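Q: Before I ask anything, here is the structure I am working with.
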Amino acid sequence: MRSLLCIAATVGLALSACSTAAPQVTVANGIVEGFCVNDDVVQVNGFFGIPFAEPPKPVPKTNWTGVKATKTMPAMCTQATPGDSEDCLYLNVYAPDGAASGSLPVFVIVHGGAFAFGSANDGTPAHIAKYLAAKGLVIVMIQYRVGPLGFCTTKDSVMPGNYGMWDAKMAFEWVRDNIAAFGGNPNDVTAYGGSSGAALIDAMHLSPLATNLFHKMALFSGAATDIWDAPTKQKCEERAASLGLTWTDSASFKAAMLSAPASGLGSGWLFHGESTFDTIYADWSPVYDGDFFPTTGAAMRAATQPKPSIYGISFLEGAGTSGALNITSETVEKIVNYMVPATVGNRSLFQSYLIESYRNQALVLEPTAIDKHAAQAALGERNRAAGMDAVLRRNFELFGTNQTYYRYVFKHFNPATIGTRYPFISFASHAFDQYYSIGKPGFTFTGDDLTVVNLYTTPRPGHNPNGAGPVSSLAVPWVASTPANPSLNYVIESTPSMDPQFFFGRPHLNNVLNKIGGTFRPEGCHPTNFHEYNATRCCCKGDLCNNDSFGEPTDAYGKPADSFGKKPAASSLAAEPTALLSFAAAAAMIAARV
């Protein structure tokens, strides 16, 4: 947990010049008193630790009398971390001082952390106040139960699970009912989150019980595609057994878990999928319960009108999760082996294409670490980029042009943001963009970093990153994705650019080969063997491609000796590129784009 001394110091400095030192706001349950976080140009008030619900299946918080001080970061939910607590259903609000009731857009930030860790205290208050709230936003940072306390289930009515999802729903309901008092518009709420936070938001969007609680989405490094593949019930039982608990049925299991010390239920988590290089799974995640999620992911997505959305991902997503892997010259081949299932005709041709594509990229960008870079690129595209690409394309298939999508690739990288802790990371990796949106404790942004902060955090009306006028406020206009070219993405770095391709079409090729169409895999389909998984059609058959087998690669994906997508002329962004360059031309093209 970030030190409260940092908060106290920030508060102490700000109070000396703030016009309103102890702002008070009346919410549905009573009066809360906050403090001035920042008065640099615009005074921003903070209200930290506002209670919004009570467990077990959350209900609204009971009313209080008098004035409740909300000036201290709340304890994070139980997760085997010092300072965590079962009493954790609180949220933090940042609001510009003096805003008229209901006048400002609202940004609800949902933390990530593999459904195992994270809190409303992520980032730094001074950064959030200065670069988000002071620009005309009301910011709400929520937290929800994680790990066993948030997601353990018996897969029946005794302990149906998804408690963390219900917590998040209650937090968004609190926003709907109370945010106008802080100056926020309850009819203009954007949900923003990364990694599992993005997956949670996308899953809430699909749930009939929660989809109307927010109006726009900004998701990075995650979406609700494979989140329910984690063997949550099995892991709950393993955790109970490790604590010496015994049970005979669902009722006795629940009683045993309730008797366990909270310290034994700190989330703990593991990555799964290293042996198959399939989607990286954590131990805990939402499950189908017939209530919060009444039907399959495929059915819910088809029935839910998409919201205006921004989808983002880091340039080398797999770098962050590669530290646990023993990378050798064979690693990228192993990953590609699972990207191209055994059921695909002319399998070796696709494998050759992908392997050479990843190695060519590594040869140009990191020639002294080709094996590492190629494996990190393949892992990130397999586990992150492919899922987000599938969701966006599936929505275009379902709803055509009746939606608005902007997507980006976060490429800016300053190694100082991670210090010496992760020496294997050489490019922007999983969720690095969050450093620039909500801050990083102990790091000061200057120079190019500050340029990227301002590019990334400037709110623009109507969820159009170009601004409200007919001419883009950006030096390089951000072109929305279209059904004709869903790959269009904005490359975020100190000198941004538009890219007509999304990782050279490799994530899309992964989805086509594996018949993944942006839906959840059906219950019971956690794959221990990816070939068997495809052979039994565990992912929704026909979502993206109705053919049961594939022949030689078509022009859309190149012949075996091809790699990397062709970069069209700058004026040609209407249609997705289909022609591919030869290996000989690939390096020069990549060098020009780096």
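Q: With the structure loaded, tell me whether residue 485 is outside any loop (DSSP other than H, G, I, E, B), open to solvent by less than 20 Å² (accessible area, probe 1.4 Å), within 30 Å of residue 347 (Cβ to Cβ) and not hydrophobic (A, V, I, L, M, F, W, C) or whether it fails that test.
A: No.
Q: With the structure loaded, tell me whether residue 145 is farther than 20 Å from residue 26 by Cβ and either of a type in the set (Lys, Arg) or open to solvent by less than 10 Å² (accessible area, probe 1.4 Å) (or both) or whether it fails that test.
A: yes
Q: Does segment 489-496 contain any residue that is among the aliphatic types (A, V, I, L, M), surrounded by fewer than 17 Cβ atoms within 10 Å (Cβ to Cβ), touching a residue at least 12 places away in the same chain (Cβ under 8 Å) and not in a helix (DSSP H, G or I)?
A: No: segment 489-496 contains no residue that is among the aliphatic types (A, V, I, L, M), surrounded by fewer than 17 Cβ atoms within 10 Å (Cβ to Cβ), touching a residue at least 12 places away in the same chain (Cβ under 8 Å) and not in a helix (DSSP H, G or I).
Residue-wise test of (1) of a type in the set (Phe, Trp, Tyr); (2) within 19 Å of residue 312 (Cα to Cα); (3) open to solvent by less than 20 Å² (accessible area, probe 1.4 Å); (4) at pLDDT 90 or above.
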site: 370; (1), (2), (3), (4): no, no, no, yes
site: 377; (1), (2), (3), (4): no, yes, yes, yes
site: 385; (1), (2), (3), (4): no, yes, yes, yes
site: 395; (1), (2), (3), (4): no, yes, yes, yes
site: 402; (1), (2), (3), (4): no, no, no, no
site: 407; (1), (2), (3), (4): no, yes, yes, yes
site: 416; (1), (2), (3), (4): no, no, no, no
site: 419; (1), (2), (3), (4): no, no, no, no
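Q: For residues that are touching a Phe, Trp or Tyr at 6+ places or on another chain (Cβ under 9 Å) and closer than 18 Å to residue 173 by Cβ, scanning just segment 58-73, find the one that is most open to solvent (accessible area, probe 1.4 Å).
A: 60
Q: Moving to a separate point now. If you take the residues of segment 337-349 that are over 30 Å from the mean Cα position of the chain (by Cα) and β-branched (Val, Ile, Thr), which of them is most open to solvent (accessible area, probe 1.4 Å)?
A: Ranking the candidates gives 343 first.
Q: Residue 167 is checked against (1) in a helix (DSSP H, G or I); (2) over 16 Å from the mean Cα position of the chain (by Cα); (3) farther than 30 Å from residue 38 by Cβ and fails just one. What number does that condition carry?
A: Of everything listed in (1) in a helix (DSSP H, G or I); (2) over 16 Å from the mean Cα position of the chain (by Cα); (3) farther than 30 Å from residue 38 by Cβ, residue 167 misses just condition (3).
Q: Please go through segment 433-473 and pick out each residue that is part of a loop (DSSP other than H, G, I, E, B) and among the β-branched types (Val, Ile, Thr).
A: Within segment 433-473, 444, 446, 458, 471 meet the criteria.
Q: Considering (1) modelled with pLDDT of 85 or more; (2) more than 17 Å from residue 487 (Cα to Cα); (3) out of contact with any strand residue (DSSP E or B) (no Cβ under 6 Å at 6 or more places or on another chain), say which one residue 342 fails and leave the rest.
A: (1)
Q: Could you grab me the full set of residues in segment 72-95 that are part of a strand (DSSP E or B) and modelled with pLDDT under 95?
A: Those that are part of a strand (DSSP E or B) and modelled with pLDDT under 95: 77, 85.
Q: Every residue in segment 205-220 that is closer than 26 Å to residue 101 by Cβ and either open to solvent by less than 10 Å² (accessible area, probe 1.4 Å) or not in a strand (DSSP E or B) (or both), please.
A: If the condition is that a residue be closer than 26 Å to residue 101 by Cβ and either open to solvent by less than 10 Å² (accessible area, probe 1.4 Å) or not in a strand (DSSP E or B) (or both), then 210, 211, 212, 213, 214, 215, 217 are the ones that fit.
Q: Residue 334: open to solvent by 40 Å² or more (accessible area, probe 1.4 Å), modelled with pLDDT under 90 and basic (Lys, Arg), yes or no?
A: Considered against the rule, which asks whether it is open to solvent by 40 Å² or more (accessible area, probe 1.4 Å), modelled with pLDDT under 90 and basic (Lys, Arg), residue 334 comes out as yes.
The values are calculated or read from the model by the stated rules, or taken from the named source; none is laboratory data. All values reported here derive from a predicted model rather than from experimental measurement. Counting neighbours? That spans all protein chains shown, and the Cβs are built from the backbone with ideal geometry, glycine included. Protein only, heavy atoms only, side chains kept; ligands, DNA and RNA dropped before computing areas. Shrake-Rupley method; radii C 1.70, N 1.55, O 1.52, S 1.80 Å.
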